[in-house]
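Read through the structure below, which is laid out as structure tokens, and then see the notes.
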């Protein structure tokens, strides 16, 4: 399944780029449904590239009856991102900590000038593949893909709103 969404921020490309690349944990944790983002690694594999590996922990507002079935690892994932300065793209891959052998999620986030260079168009696109398995089969698989296919773009849009708030504070 493919997904794509775009947001426009009223801040120049370089500012949006640096904020996302260098302050993502701080920005993400401003969101109510994110418990933490912990950077595990940061390296420069090539000139103009930054590779960042982060562990995300979600804290969704789920009904109490559902929480008894949700294990902490179900709400955690590893995000491996390669930020390519020259082309203003972040190539990322997400590996959930639960059923990771059945889930493949990767994509690209592009940062392009907008509003005559005064703003930035951020396009978030990727693919999500969930392999049928003993837990997720048939109709349930389609349902999970439909839900996740809506959740991923919605979460991106929330992140862009939070980023705008972060930048408005002059951070």
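The values are calculated or read from the model by the stated rules, or taken from the named source; none is laboratory data. Predicted, not measured: the structure shown is a model, and the values here were computed from it. Neighbour counts run over all protein chains shown; Cβ positions are idealised from the backbone, glycine included.
So, residue 117, is that one more than 25 Å from residue 30 (Cβ to Cβ), more than 17 Å from the chain's Cα centre (by Cα), at pLDDT 85 or above and exposed (fewer than 15 other Cβ atoms within 10 Å of the Cβ) or not? Full working, then the answer.
Details: more than 25 Å from residue 30 (Cβ to Cβ): yes; more than 17 Å from the chain's Cα centre (by Cα): yes; at pLDDT 85 or above: yes; exposed (fewer than 15 other Cβ atoms within 10 Å of the Cβ): yes.
Yes.
Here is a check on your reading of the model: is residue 57 part of a strand (DSSP E or B), under 18 Å from the mean Cα position of the chain (by Cα) and modelled with pLDDT under 90? Even if it seems obvious, please write down each step before you answer.
Numbers: part of a strand (DSSP E or B): yes; under 18 Å from the mean Cα position of the chain (by Cα): yes; modelled with pLDDT under 90: yes.
So residue 57 passes the test.
I'm told residue 151 meets every condition in (1) at pLDDT 80 or above; (2) surrounded by fewer than 17 Cβ atoms within 10 Å (Cβ to Cβ); (3) more than 16 Å from residue 17 (Cα to Cα); (4) within 13 Å of the chain's Cα centre (by Cα) except one. Can you identify the failing condition by its number?
It fails just one condition, (1).
Would it be correct to say that residue 62 is loosely packed, with under 10 Cβ neighbours inside 10 Å and at pLDDT below 95?
Values: loosely packed, with under 10 Cβ neighbours inside 10 Å: no; at pLDDT below 95: yes.
So residue 62 does not fit the description; no.
Answer yes or no: is there a residue in the range 13-29 that is more than 13 Å from the chain's Cα centre (by Cα), assigned to a loop (DSSP other than H, G, I, E, B) and either over 19 Å from residue 158 (Cβ atoms) or at pLDDT 95 or above (or both). Steps first, answer last, please.
Filtering the range 13-29 down to residues more than 13 Å from the chain's Cα centre (by Cα) leaves 13-19, 22-23, 26.
Filter once more, so that each one left must be assigned to a loop (DSSP other than H, G, I, E, B): none.
No: zero hits.
Can you pull out the strands (runs of 3 or more DSSP E) entirely within the range 72-121 that have at least 3 residues that are over 20 Å from residue 50 (Cβ atoms)? Talk me through it step by step, then tell me what you get.
Details: elements: 76-84, 89-96, 103-114.
Hits in the range 72-121: 103-114.
Given the conditions (1) more than 21 Å from residue 5 (Cα to Cα); (2) modelled with pLDDT under 95, report the number of the one that residue 95 does not fulfil.
Looking at each condition in turn, residue 95 falls short on (1).
Name the pairs: first residue in the range 138-165 and farther than 20 Å from residue 36 by Cβ, second residue modelled with pLDDT under 65 and crowded, with 17+ Cβ neighbours inside 10 Å, Cβ to Cβ under 8 Å, at least 6 apart or on different chains?
Listed by first residue and then by second, the contacts come to 144/136.
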